[in-house]
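Step one of this worksheet: look at the structure below.
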Amino acid sequence: MMFAFLTPGMMLFLGVLGVLIFGRRMPEVGRALGQTIVQFKKGMRGLEDEIQGSAFNPSTPAAPPQPVDQIRAPQRVSATAPKFEDAPSNPPQV
């Protein structure tokens with residue numbers, strides 16, 4: 001009941017508003033929307049087939065595990081921030 005708040009009068013108003021906005025392009029907009037929905041459904045179906053095929057098909061050989069590099073201990077890096085000296089207590093006189 002997603003559209004339960006829409007009364008028949010409101011739906012008619014939205015339909016008239018849609019015709020005014022899209023006018024002659026209404027068939028093009030409908031066709032593009034339909035193609036988008038079909039492509040989305042094909043993508044979802046392909047994704048479902050891929051998930052089901054890989055999870056429930058033990059006849060396909062699993063990929064051999066990749067060799068793992070040895071884990072190395074982190075190396076310490078010396079700080080490269082500039083070092084500042086204290087100002088001399090007796091500045092040179094000019």
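Between Leu14 and Glu28, with labels modelled 7 Å along Cα→Cβ, what's the label distance in nm to one decimal, could you check?
Each label point lies 7 Å from its Cα, and together they span 2.4 nm.
What FRET efficiency, computed as 1/(1 + (r/R0)^6) with R0 = 30 Å and r the Cβ-Cβ distance, is obtained for Leu6 and Lys42, rounded to the nearest 0.05?
0.50
Evaluate the Debye formula for region 4-50 with equal point scatterers sitting on the alpha carbons, no solvent, and hand back log10 of I(q)/I(0) at q = 0.22 Å⁻¹, in q order, two decimals.
Results for region 4-50 at q = 0.22 Å⁻¹ read -0.80.
Every number here is computed from the coordinates shown, using simple stated rules; none is lab data. The shown structure was predicted, so the numbers you read here are calculated from the model rather than taken from an experiment. Heads up, the Cβs are rebuilt from the backbone with ideal geometry, glycines too, and the neighbour counts pull from every protein chain shown.
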